[in-house]
Amino acid sequence: MTAMNLLSPKLEGWTPSAEAQQVILWRILQLFLSRYGSIPLGQLLVSMTTVVLNELGRAPTVTELCEATGLPKSSISRYISTAMEQDMVTETIDTEDRRRRMLGQTEAGKNERRWQVRQIRKILEEAADWDRQREAAGGVLDPEAELEAMKQVSAKPPESHAPARKGRAKDAA
């Protein structure tokens, strides 16, 4: 069986260099920081863990998120409450064990995940182009050019994602 690249045909046959891996990590961190603000890293981890498990058809519980992320239950509960206020996550009570809260994505949460996938695909394609150009130039990196490229990325952040919290509409009226 041949491995397939499901993200983009532009990535076929590309093995990212160590430098490209750093660029990818930097771009993803910058993307999330500009989109969501300076949210705690734990909140991002909980959100991504919930998304991954939901995509696999498994709605996690708060306890399972604690075990998967290594974060305390109080932090997980606070992060889940925030996601629920933003209408990204919903909870249902397990019919077999009413103490268990099963966490699932709302339609808004699924739309946000689709946006994330599109952005990450773009980051990977741009990193592949950058890496191939770097390799064609003999692997020489110009630190000034790299700094300017980073500034360009930061100067054009994605639209902010700050969904209205429940009750804000009343406060503004």
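The values are calculated or read from the model by the stated rules, or taken from the named source; none is laboratory data. Small disclaimer: the values here were computed from a predicted structure and weren't measured. Using ideal geometry, Cβ is built from the backbone for each residue, glycine included, and neighbour counts are taken over all protein chains shown.
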(request) Give the residue, chosen from Asp142, Asp129, that is modelled with pLDDT of 90 or more and more than 21 Å from Pro40 (Cβ to Cβ). (result) Asp129
(request) Kindly check whether there is at least one residue in the range 2-18 that is surrounded by 14 or more Cβ atoms within 10 Å (Cβ to Cβ) and part of a helix (DSSP H, G or I). (result) yes
(request) Could you check Glu148 against (1) touching a strand residue (DSSP E or B) at 6+ places or on another chain (Cβ under 9 Å); (2) assigned to a helix (DSSP H, G or I) and say which number it fails? (result) (1)
(request) Please find, among Lys166, Lys122, Lys170, Lys156, the residue that is of a type in the set (Lys, Arg) and at pLDDT 90 or above. (result) Lys122
(request) Go over the candidates Val46, Val51, Val23, Val62 one by one and state the one that is over 19 Å from the mean Cα position of the chain (by Cα), crowded, with 16+ Cβ neighbours inside 10 Å and either β-branched (Val, Ile, Thr) or at pLDDT 90 or above (or both). (result) Val62
(request) State which residue is nearest to Ile39 (Cα to Cα) when the search covers only the range 56-98 and only residues that are part of a loop (DSSP other than H, G, I, E, B) and in contact (Cβ under 8 Å) with a residue 40 or more places away in the chain. (result) Gln86
(message) Looking at Arg98 and the list (1) surrounded by 10 or more Cβ atoms within 10 Å (Cβ to Cβ); (2) over 18 Å from Pro16 (Cβ atoms); (3) not aliphatic (A, V, I, L, M), which single condition is not satisfied?
(response) (1)
(message) For the structure I just gave you, tell me whether Arg78 is at pLDDT below 90, over 30 Å from Ala137 (Cβ atoms) and not small (Gly, Ala, Ser).
(response) no
(message) For the structure I just gave you, tell me whether Gly104 is farther than 28 Å from Pro9 by Cα and at pLDDT 90 or above.
(response) yes
(message) Restricting to the range 24-38, name every residue that is touching a residue at least 40 places away in the same chain (Cβ under 8 Å) and more than 18 Å from Ala149 (Cα to Cα).
(response) Arg35, Tyr36, Gly37
